[in-house]
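Shown next, in structure tokens, is the structure this report addresses.
The values are calculated or read from the model by the stated rules, or taken from the named source; none is laboratory data. Being a predicted model, the structure only gives us computed values, none of them experimental. For neighbour counting, all protein chains shown are included, and Cβ atoms are generated from backbone atoms with ideal geometry for every residue, glycine included. The protein model used for the area step is the full one, side chains on, heavy atoms only, and it has no ligands, DNA or RNA in it. Shrake-Rupley method; radii C 1.70, N 1.55, O 1.52, S 1.80 Å.
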There are 2 protein chains.
Amino acid sequence: MGMNRHYVHGYDMREALRLQDQASSLVELMHSDTVYSAGSVVLEAGCGTGAQTITLARNSPGALITAVDIAESSLAQAKKRIEDAGCTNVTFHVGDLYHLPFALQSFDHIFVCFVLEHLARPVEALHALKALLKTGGTITVIEGDHGSAYFYPDSAVAHRAIQCQVELQRRAGGNANIGRELYPLLMAGGFNSVNVSPRMVYVDLSKPQLVEGFTKNTFTAMIEGVRTASLAAGIIEATTFDEGIRALYRTAEVDGVFCYTFFKAVAFKQ
Amino acid sequence: MGMNRHYVHGYDMREALRLQDQASSLVELMHSDTVYSAGSVVLEAGCGTGAQTITLARNSPGALITAVDIAESSLAQAKKRIEDAGCTNVTFHVGDLYHLPFALQSFDHIFVCFVLEHLARPVEALHALKALLKTGGTITVIEGDHGSAYFYPDSAVAHRAIQCQVELQRRAGGNANIGRELYPLLMAGGFNSVNVSPRMVYVDLSKPQLVEGFTKNTFTAMIEGVRTASLAAGIIEATTFDEGIRALYRTAEVDGVFCYTFFKAVAFKQ
């Protein structure tokens, strides 16, 4: 689903979120303040199967969006999703984020969502994207951070199960805890006026849609999705992993609480 | 500083925050949406040395605030602080939060800030407070959560140093990770319509006042404050603790990031 051939197969945050209601409060939480003016030329770098592309296209109906991904199969799905939604302001291109086939300084804005977490050289990728951006243009980056997950009841085995995904992603060259790092990454990438705003998802039973849609069906399902890979990699015992998953589901019960934070950064090219 | 005779002496979050600028953005973040109407009768349970009392009194100048604490020496300091600030809407009483000397249903609102974390029986305390609240009245609870602290660069020894305070507070009967637990606690305390809103403090170098005022002089100073007690309790080696503290200060350097979340809950008595 990303720009990197070595990402963790199976569930990741984007795919897990995609399987939930597209009109959910999580989409609102992350994307509602990204609105590009009519006529803006916008690059979505690493669109995957278009999970975020559709929100981008709807929130900025007058913007001209170029969505790129390295995986042709993902692009085909993204294209179909955008067509099915009746959006006409997106064009699709295959391309490697480190070497995109576009003219220098050809975009007003760049949007990168759940992509840097999969890259072995995120600063290099940001430098490459900066070259495509016009002076005065913005880059928007959204990433999760698995180290931001905590919950009630607390559970050491639940943290160990989460750590399996962190470790698999690390071995694949990525970083599942990259959200907290957006400020130094964008500074190192040569951007200016970096502004990071955390988007914390706080879930208790007063928000039953989030208990279902985030705690259970997004986050815990995503961690559950790395069971086979984690056991195969010898990172954890099956019984420990399964106990950790049960402890995560336990946080979705009547007195449970679950916290996770996404980080959104906007920066300028001066 | 609290209702519990067994709290961790030395620094805690309230005292650490108190030493910072009272007009800081942290005060705003936590307290700006607590405003009681003129004539309201408000109980601040566990006022300590008045660190929050002064903000409460200023934000609700027409409310009649009764501030109680079990420690006479703290109350004396609170009284002086309120007088020095020229606030005239606060009266002070010595009292044990579990057995306060007030008539049942005598308060319109109750305010509890950085107190439950020190109590061995927080649900019992909430029940006792509920009895003092009029039907239809609100309780507001604010607590930190040390398990919500994460940072860049990440550091295992930094987490071990933080864990010293968590462990000392646990041994004293308290819970330094209580913030995430406010929803189930207030439900168990018999309150209704519990609404928890996390207040995340995100710090990078674009907010230099927070780097100084929160990362270094509040949070890290607070953890540093338990060095002697932690070594005496045999929880950690001196070299490990000191390395952890250095790693926390490292997050205040130019590319560092620090995250911490306070939880604020408002609930009703039906």
ask   = If you check B:Ala103 against the conditions, is it part of a loop (DSSP other than H, G, I, E, B), open to solvent by 40 Å² or more (accessible area, probe 1.4 Å), in contact (Cβ under 8 Å) with a residue 40 or more places away in the chain and of a type in the set (A, V, I, L, M, F, W, C)?
value = no
message = Checking the structure you have, find out if any residue of the stretch B:89-97 is open to solvent by 60 Å² or more (accessible area, probe 1.4 Å) and touching a helix residue (DSSP H, G or I) at 6+ places or on another chain (Cβ under 7 Å).
response = yes
key: Residues located in the stretch B:182-209, provided they are open to solvent by less than 30 Å² (accessible area, probe 1.4 Å), of a type in the set (A, V, I, L, M, F, W, C) and either under 18 Å from the mean Cα position of the chain (by Cα) or more than 13 Å from every other protein chain (Cβ to nearest Cβ) (or both)   = B:Leu182, B:Leu185, B:Leu186, B:Val196, B:Val201
task = Please determine, by comparing only the residues of the stretch B:115-154 that are in a loop (DSSP other than H, G, I, E, B) and open to solvent by 20 Å² or more (accessible area, probe 1.4 Å), which one is nearest to the other protein chains (Cβ to nearest Cβ).
result = B:Asp154
request  = Have a look at A:Ala23, A:Ala67, A:Ala76, A:Ala63 and point out the one that is among the hydrophobic types (A, V, I, L, M, F, W, C) and modelled with pLDDT under 90.
outcome  = A:Ala23
key: Options B:Ala247, B:Ala233, B:Ala265, B:Ala252; residue that is of a type in the set (A, V, I, L, M) and over 28 Å from B:Tyr202 (Cβ atoms)   = B:Ala233
ask   = Residues of the stretch B:212-270 being in contact with a His (Cβ under 8 Å, 6 or more places away or on another chain) and over 28 Å from B:Ile142 (Cβ atoms), which ones?
value = none
ask   = Looking at A:Ala161, A:Ala120, A:Ala156, which one is under 26 Å from A:Tyr202 (Cβ atoms) and out of contact with any helix residue (DSSP H, G or I) (no Cβ under 8 Å at 6 or more places or on another chain)?
value = A:Ala156
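Residue-by-condition table, conditions (1) in a helix (DSSP H, G or I); (2) surrounded by 21 or more Cβ atoms within 10 Å (Cβ to Cβ):
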site: B:Glu212; (1), (2): yes, no
site: B:Thr220; (1), (2): yes, yes
site: B:Gly234; (1), (2): no, no
site: B:Thr240; (1), (2): yes, no
site: B:Ile245; (1), (2): yes, no
site: B:Phe262; (1), (2): no, yes
task = Would you check which residues across the stretch A:57-98 are charged (D, E, K, R) and within 24 Å of A:Arg121 (Cβ to Cβ) and list them?
result = A:Asp69, A:Glu72, A:Asp96
request  = Please enumerate the residues belonging to the stretch A:237-256 that are within 14 Å of chain B (Cβ to nearest Cβ) and within 27 Å of the chain's Cα centre (by Cα).
outcome  = A:Arg250, A:Thr251, A:Ala252, A:Glu253, A:Gly256
key: Subset of the stretch A:169-181 [surrounded by fewer than 22 Cβ atoms within 10 Å (Cβ to Cβ) and among the hydrophobic types (A, V, I, L, M, F, W, C)]   = A:Ala172
note = Within the stretch A:155-168, residues open to solvent by 10 Å² or more (accessible area, probe 1.4 Å) and either among the hydrophobic types (A, V, I, L, M, F, W, C) or assigned to a helix (DSSP H, G or I) (or both) come out as A:Ala156, A:Val157, A:His159, A:Arg160, A:Gln163, A:Val166, A:Glu167, A:Leu168
note = The condition of being buried (at least 17 other Cβ atoms within 10 Å of the Cβ), at negative phi, among the β-branched types (Val, Ile, Thr) and in a loop (DSSP other than H, G, I, E, B) holds, among B:Thr55, B:Thr66, B:Thr49, only for B:Thr49
inquiry  = Tell me whether the stretch A:167-174 contains one or more residues that are over 19 Å from A:Leu43 (Cβ atoms), within 14 Å of another protein chain (Cβ to nearest Cβ), free of Cβ contacts under 8 Å to residues at least 60 places away in the same chain and of a type outside the set (S, T, N, Q).
reply    = yes
